[in-house]
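The values are calculated or read from the model by the stated rules, or taken from the named source; none is laboratory data. Please read all numbers here as calculations on a predicted model, not as lab measurements. Virtual Cβ from ideal backbone geometry, glycine too; neighbours counted across all protein chains shown.
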Amino acid sequence: MNPGPPPLRVLVVTNMYPTPTAPYYGVFVKEQVDALRELGVEVGLEIHLGRESKWNYARGLASLTRRLRRERWDLIHSHHTFTTLTALAARRLAGRGRGPRRIPIIESFHEGEVFDPRGRRRGHLRYSAWLKALALRRADFVLPVEKNMIRAALAAAGAADAEVEAKRIPHQVLPAGIDLERFGPGDAQGARCRLGWDGEGPLLFFPYAPGKPAKRDDLARAAFAIVRRTHPGAQLVVGGAIPYAAMPDAIRASDVLLILTDYEASPTIVKEALACERPVVATDVGDIRACYGDLPGVVVTPAEPEAIASGIDRALALPAGSACGGRERLIARGLTLPATARRLVEVYRELI
């Protein structure tokens with residue numbers, strides 16, 4: 001009897017991973033790791049939390065180099081430019097960059113700031129653009145979460161022909177999957193009761209913490225002021241202090257979610273809202289229009305208060321409790337956690 005292929009051993013290197021004080025930070029990485037383990041993949045973790053200290057990258061380089069020298073891994077899966085560069089350096093230092101002991105490096109490219117309309121005028125992008133391009137060029141395979149990301153990153157780094165070069169980089173578009181068991185339709189009133197949210201009028205949910213310029217809570221508040229002229233009982237709930245475990249209820253409790261950011265790649269919160277069959281009003285960023293813009297519960301609008309308010313009115317006019325087709329679309333596009341994990345395993349096996 002054929003025992004089948006041995007279990008894959010994948011070393012995940014990331015600077016994003018949930019912590020007790022930041023339970024949302026990189027939660028999609030943890031969910032993906034858990035889904036891979038469900039499929040029998042042996043996953044190791046190297047977590048280099050650079051936002052706590054840039055020295056963590058240096059410590060991570062030393063730790064990763066030791067592990068590559070002492071342990072057997074089939075490949076490395078990185079989740080950020082900086083961890084890809086760390087992995088490339090560690091692979092070289094450990095003598096695993098050439099020959100039969102060479103370990104492939106995959107990068108999941110999540111960094112939506114490549115679409116920032118302010119582009120290279122932003123200081124941190126001026127130095128990070130060429131690092132992004134370097135990591136994309138040196139990785140053995142890239143998994144961008146949106147189809148235009150590689151081209152945008154290369155263009156920001158000054159590539160002579162970013163579109164042509166992007167096509168030469170081995171890649172496959174793979175957004176983060178959604179846990180359809182955790183995020184699903186439910187009774188709005190029951191969710192409001194569990195959260196302690198009062199009121200009978202329409203509830204608009206802006207899921208980001210206030211004060212983050214690119215997330216545009218200013219647009220949400222300006223559009224809400226207009227909406228209240230025709231819906232005086234409407235409420236606006238702003239995120240930032242909602243416990244991780246309560247997020248599915250926060251979405252279910254809402255009549256409309258507002259995603260009004262200046263730039264995104266493939267925003268997970270949109271997919272979570274669609275999994276809960278809740279309408280979304282969004283600016284035209286990332287993959288929202290291309291992937292979901294034809295759904296009745298998705299309104300893509302210019303980044304102007306009047307246009308957003310009009311979009312909210314359209315969303316509120318949908319029959320109460322009606323499904324917007326979100327779950328069906330996510331399943332059809334293979335964006336459940338098990339489906340994305342299976343696609344990852346296929347990529348892994350092709351590379352080793």
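Laid out as a table, the results:
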read-out	value
When residues of segment 243-256 are limited to those that are surrounded by fewer than 21 Cβ atoms within 10 Å (Cβ to Cβ), in contact (Cβ under 8 Å) with a residue 12 or more places away in the chain and not aromatic (Phe, Trp, Tyr), the one farthest from residue 190 (Cα to Cα)	243
Hey, residue 320 modelled with pLDDT of 95 or more and not assigned by TED's automatic domain parsing to the domain that holds residue 31 or not	no
Single residue of segment 219-239 satisfying the filter (surrounded by 14 or more Cβ atoms within 10 Å (Cβ to Cβ) and of a type outside the set (A, V, I, L, M)) that is nearest to residue 271 (Cα to Cα)	239
Neighbours by Cβ (under 6 Å, 6+ apart or cross-chain): first from segment 97-117, assigned by TED's automatic domain parsing to the domain that holds residue 169; second β-branched (Val, Ile, Thr) and outside any helix (DSSP H, G or I)	103/76; 105/76; 107/142; 109/142; 110/145
Top-ranked residue of segment 43-82 - restricted to ones that are touching an Asp or Glu at 6+ places or on another chain (Cβ under 8 Å), in a helix (DSSP H, G or I) and of a type outside the set (A, V, I, L, M), ranked as nearest to residue 130 (Cα to Cα)	81
Output for segment 19-42, where each listed residue is assigned to a loop (DSSP other than H, G, I, E, B), of a type outside the set (Val, Ile, Thr) and either within 21 Å of residue 87 (Cβ to Cβ) or in contact with a strand residue (DSSP E or B) (Cβ under 8 Å, 6 or more places away or on another chain) (or both)	25, 26
Test: residue in segment 323-330 that is within 21 Å of the chain's Cα centre (by Cα), among the hydrophobic types (A, V, I, L, M, F, W, C), at pLDDT 95 or above and under 29 Å from residue 36 (Cα atoms)	yes
Helices (runs of 4 or more DSSP H) contained in segment 170-287 and holding at least 2 residues under 25 Å from residue 118 (Cβ atoms) and not assigned by TED's automatic domain parsing to the domain that holds residue 149	217-230, 268-275
